[in-house]
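Right, one structure below, let's go through it.
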Amino acid sequence: MGIQEPQNAAAIRREETRRRAVRHAGNPKDMVDRQELYDALYERHTRQVQDRLDAAHVAIAGLGGLGSTIAVALTRIGVGHLHLVDFDRVDMSNLNRQQYFLRDLGRLKTEALQGNLAQINPFIDVRIDSVAVDEHNVASLFADDDIIAEAFDVPENKSILVNGVLEHLPDAKLLSASGMAGFGSANSIVTRRVSEGFYFCGDGVTAPTPGNGLMAPRVGVVACHEANMITRLILGQDEA
């Protein structure tokens, strides 16, 4: 029988393997020319639409299943300025629904997602803040953002962000979400306008329970509702 490797040594070895994978991924800007990438976007969206997407400034608060999927969708359509806010690190329980990979385990979600988005479009401006959002920093954190997507798991955190934006940043567009757990019908998920500049996505009811937890498909539907409403707002469509 061989000698079993100490648990901490095995963990260190796995972490070094992940770091080597990240180091050897290459610079995304060496893989594609900006003009080539944007010519493809112009072909799909038209130059007029793409220019408006490129000029937009969107913040995403919370980079779990909702936020990371919103970020991927907006990056794929070429939203030019993204602001990613989260204090957490990637762990194994995130991989069932969030836009991370094994190589990201242990990394700050802001840094990991910033790197993953660069593999889609390395020419987007992605700003990160690896901090927790609280009632004292909402106004300063999001002062430069036109649209703010709330993508937290904890109801109290949702309330802090929503109340803070409505009070201190009345000119910003705000999206919030609730009710996305399990594998119920996606047809119950909706986008509705709560008030001028404030939108809600989800079914508003379904919370995680044993056997009916957060799963990638339904969380992804809500995330794409948020991303689609953000796109509509950027392009001047304010009806849900």
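The values are calculated or read from the model by the stated rules, or taken from the named source; none is laboratory data. Everything numeric here is computed off the predicted structure, so don't read it as measured data. We place every Cβ from the backbone using ideal geometry, glycine too, and count neighbours over all the protein chains shown. In case anyone asks, the SASA skips ligands and DNA or RNA and just uses the protein heavy atoms, side chains included. Shrake-Rupley method; radii C 1.70, N 1.55, O 1.52, S 1.80 Å.
Overview of values
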read-out: Close pairs (6 angstrom Cβ cut-off, 6 or more residues apart or separate chains): under 12 Å from C224 (Cα atoms) and at pLDDT 90 or above in segment 170-191, in a loop (DSSP other than H, G, I, E, B) and open to solvent by 50 Å² or more (accessible area, probe 1.4 Å) anywhere; value: T191/A240
read-out: Residue count for segment 90-114, restricted to those that are crowded, with 17+ Cβ neighbours inside 10 Å, more than 21 Å from N228 (Cα to Cα), touching a helix residue (DSSP H, G or I) at 6+ places or on another chain (Cβ under 7 Å) and of a type outside the set (D, E); value: 5
read-out: Selection from segment 183-205 of residues that are over 19 Å from the mean Cα position of the chain (by Cα) and crowded, with 19+ Cβ neighbours inside 10 Å; value: D203
read-out: Options A71, A139, A55: the member that is hydrophobic (A, V, I, L, M, F, W, C), in contact (Cβ under 8 Å) with a residue 24 or more places away in the chain and open to solvent by less than 30 Å² (accessible area, probe 1.4 Å); value: A71
read-out: Meets criteria (open to solvent by less than 50 Å² (accessible area, probe 1.4 Å) and within 23 Å of Q99 (Cα to Cα)) for T209; value: no
read-out: Condition broken by V165, with the remaining ones in (1) open to solvent by 70 Å² or more (accessible area, probe 1.4 Å); (2) at pLDDT 95 or above satisfied; value: (1)
read-out: Qualifying strands (runs of 3 or more DSSP E) (wholly inside segment 117-227; at least 3 residues being in contact with a Phe, Trp or Tyr (Cβ under 6 Å, 6 or more places away or on another chain) and more than 23 Å from G80 (Cβ to Cβ)); value: 190-195
read-out: Set D125, D134: member being over 26 Å from A207 (Cβ atoms) and of a type in the set (D, E, K, R); value: D125
read-out: Every pair of residues 6+ apart whose Cβ atoms lie under 6 Å, when the first sits in segment 18-33 and is open to solvent by less than 60 Å² (accessible area, probe 1.4 Å) while the second is at pLDDT 75 or above and not in a loop (DSSP other than H, G, I, E, B); value: R18/R103; A21/R103; V22/R103; P28/A118
